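Note sheet for the following structure.
The values are calculated or read from the model by the stated rules, or taken from the named source; none is laboratory data. Just so it is clear, the structure is predicted and the values come from calculations on it, not from any experiment. A quick note on method: Cβ atoms are made from the backbone with ideal geometry, for glycine too, and the neighbour counts reach across all protein chains shown. Note: areas computed on protein heavy atoms with side chains; ligands, DNA, RNA excluded. Shrake-Rupley method; radii C 1.70, N 1.55, O 1.52, S 1.80 Å.
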Amino acid sequence: MKNIVVLVSGGGTNLQALIDAQNRGEIKSGKITCVISSNPNAYALTRAENNGIETAVIRRKDFDEFDKYDEALTELLKSKNADLIVLAGFMTILGKGVIKAFENRIINIHPALIPSFCGEGCYGLRVHEEALKKGVKVTGATAHFVNEVCDGGPIIIQKAVEVKDGDTPEILQKRVMEQAEWIILPRAVALFCEDKIKVIGSKTLISD
């Protein structure tokens, strides 16, 4: 049984999707053992506590230097015996130390079809604003491994979502969450926990 540690910063809707999937028995070989927040007031912490999941808080601003924060987060994750780390709306950049220590063991969910509308500064509502500005007919979400390139790690799963006339960034964001993010993130986690994802260079091979 793999230990899953989820990193959060806000409301925790993707965390809830993971908890719900776990409660439905869809994550067979893993268990969410800890939720770590960059924000002590994040509602995601309440979601975790309501489900009997251990919580912790680590704030970037409590460290004078980024390297010290990176080292502290790495040690915290190691102390929780994390087999898999899931970024579920975690709004603090990960350092090289964490990424190296947990290579191909960090999964992120991005609200677009990478390589579209991704990279540094492209997160949250901004992603959907850019998609609407471009006039794309289809957008979606991507579950991928994290490396040192922002949104540049190997793609695990993608799911498309239709863009409709009259969409606002908020409406599109909600549809992408409901029709893509909350579906593929738990699926990617389940596949990882069942050792069904093989990373080959910059690509992944998923076994049935």
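Gaussian network model of the chain, Cα springs within a sub-10 Å range: biggest mean-square fluctuation belongs to which of ILE53, ILE156, ILE171?
Sorting by GNM fluctuation, first place goes to ILE171.
For each pair in LYS80/LYS100; LYS133/LYS159; LYS61/LYS159; LYS80/LYS174; LYS159/LYS196, compute the distance between the two Cα atoms and list the pairs where it is over 26 Å.
Values: LYS80/LYS100 17 Å; LYS133/LYS159 21 Å; LYS61/LYS159 35 Å; LYS80/LYS174 32 Å; LYS159/LYS196 18 Å.
Where the Cα-Cα span goes over 26 Å, the pairs concerned are LYS61/LYS159; LYS80/LYS174.
Report P(r) for the range 38-95: all Cα-Cα distances, bin width 10 Å, range 0 to the bin holding the largest distance, values in whole percent.
20, 55, 25, 1
Take every DSSP beta bridge with both residues inside the chain and express the antiparallel ones as a percent of the total, to the nearest 5.
Taking every DSSP beta bridge with both residues in the chain, the antiparallel ones total about 45 percent.
If each of THR46 and ARG60 carries a label point 7 Å out from its Cα toward its Cβ, how far apart are those two points in nm?
Label-label distance for THR46 and ARG60, simple model: 2.5 nm.
Is the C-alpha gyration tensor of the range 82-208 telling us rounded, prolate or oblate? Criteria: a/c under 1.5 is rounded; beyond that, a/b larger than b/c is prolate, otherwise oblate. Mind dumping the intermediate values first?
Values: a/c = 2.11, a/b = 1.59, b/c = 1.33.
It comes out prolate by the Cα gyration axes.
Roughly how many nanometres apart are two label points built 7 Å out from the Cα toward the Cβ at ASN23 and LYS196?
That separation, rounded to one decimal, is 2.3 nm.
Of all the accessible heavy-atom surface of the range 111-192, with the other protein chains kept in place and a 1.4 Å probe, what percent is carbon and sulfur? Mind showing how you got there, number by number?
Working: 2110 of 3990 Å².
Ligands and nucleic acids excluded, carbon and sulfur reach 53 percent.
Take the Cα gyration tensor of the range 1-120, multiply each eigenvalue by 5, square-root it, and list the three semi-axes largest first, rounded to whole angstrom. All intermediate terms of the calculation are to be shown ahead of the outcome.
Details: eigenvalues 90, 60, 46 Å².
Rounded to whole Å, the semi-axes are 21, 17, 15.
Roll a 1.4 Å probe over the protein chains and send me the accessible area per residue for the chain in Å².
On the way: 10460 Å² over 208 residues.
In whole numbers, the chain has 50 Å² accessible per residue.
Can you tell me the FRET efficiency between LYS100 and LYS31 if r is taken as the Cβ-Cβ distance and R0 is 35 Å, rounded to the nearest 0.05?
On the way: r = 25 Å, r/R0 = 0.72.
Working from the Cβ atoms, E equals 0.90.
So what is the calculated 222 nm ellipticity per residue for the chain, using -39500 (n - 2.57) for each DSSP H run with n of 4 or more, over all residues, to the nearest 500 deg cm²/dmol? Write out the running numbers ahead of the final one.
Details: 7 runs with 69 residues, N = 208.
-9500 deg cm²/dmol, from helical runs alone.
I need the phi-derived Karplus couplings for the range 185-191: 6.51 cos²θ - 1.76 cosθ + 1.60, θ = phi - 60°, integer Hz, Gly and Pro marked x.
Along the range 185-191, the couplings run 5, x, 5, 4, 5, 4, 4 Hz.
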